[in-house]
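Novice: Pasting a structure here, questions to come.
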Amino acid sequence: MLSFQKKDSIFTQGDPTDGLFFVKKGKVRLAVVSEAGKEATLGILSEGDFFGEGGLAGQLTRMSSAIAVTDCVLLHVEKKAMMHTLSLEPKLSAVFVKYLLKRNIRYQDDLVDQLFNSSEKRLARVLLLMAQFGQKGVSEMSVPRLSQETLAEMVGTTRSRVSFFMNRFRKLGFINYDIGDNLHVHSSLLNVILHDDDAVSATSPVENASSRVTKSLEPPAEPGERPDKERAMRPPLSSLRSR
């Protein structure tokens, strides 16, 4: 078991692989840096997630960096020990393979989201996934408050657009970040993802407000990017509740 404080580096891109990690407590950010020095956030991991398992498939160096978003307690398992245990424990092997398959599906969903959804919907999806939306009986979750630059990296847009949409979500009551270091995400944010741009929902005042604001206050597209309303129509989204 290893403990890390907020903002501590767990490993750095290019370090030799020395096993994998399991998140027992806290949140971890995975990031990658290009040769030109541009950083991109790959995701935020929470309790129950594995990371750094590339060495099991033959990677000799870390392909990304891992940074503690909050104070963390991690289980570090050396490659040799993990490979040996997987061969002896079928239940552990099944759990690990199931986790890797679910994450592969998540990556496919991320790609579809990037290709077909507007930046507003992509931001809403990132926030809901960070809040682990879908737990029974929970309508609001708190997550560590990330900088708008980090959210922009995760969404694939600019900080100005993230700021615009975060202010919109706050005014509509979907999120609240006025108190403390945490961001409170309400399950009603799912309305942003489920809302079709060409149809006005009449099921609730919040959805109607979202529709009116979306149509009347659309930020200008960034240079080289199509306006959101001109992007390709998205395929049906998999239900976030099943994640």
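The values are calculated or read from the model by the stated rules, or taken from the named source; none is laboratory data. The structure presented is a predicted model; accordingly, all values stated were derived computationally and were not measured. Neighbour counts are summed over all protein chains in view; Cβ atoms, including those assigned to glycine, are modelled from backbone coordinates with ideal geometry.
Novice: Would you kindly identify the helices (runs of 4 or more DSSP H) lying entirely within region 43-160 that contain at least 2 residues that are under 17 Å from the mean Cα position of the chain (by Cα)?
Specialist: Working: elements: 79-88, 90-116, 119-130, 148-155.
Hits in region 43-160: 90-116, 119-130, 148-155.
Novice: Still on this structure: For the structure I just gave you, tell me whether Leu60 is surrounded by fewer than 16 Cβ atoms within 10 Å (Cβ to Cβ) and either aromatic (Phe, Trp, Tyr) or without any contact (Cβ under 8 Å) to a residue 40 or more places away in the chain (or both). Before the answer, list the steps.
Specialist: Numbers: surrounded by fewer than 16 Cβ atoms within 10 Å (Cβ to Cβ): yes; either aromatic (Phe, Trp, Tyr) or without any contact (Cβ under 8 Å) to a residue 40 or more places away in the chain (or both): no.
Here the answer is no, as Leu60 does not meet what is asked.
Novice: On the basis of being at pLDDT below 90 and either buried (at least 18 other Cβ atoms within 10 Å of the Cβ) or on the phi < 0 side of the Ramachandran plot (or both), does Ser118 make the cut?
Specialist: Spelling it out, Ser118 is indeed at pLDDT below 90 and either buried (at least 18 other Cβ atoms within 10 Å of the Cβ) or on the phi < 0 side of the Ramachandran plot (or both).
Novice: Return the total of residues in region 82-96 being under 20 Å from Asp18 (Cα atoms) and surrounded by fewer than 12 Cβ atoms within 10 Å (Cβ to Cβ).
Specialist: 2
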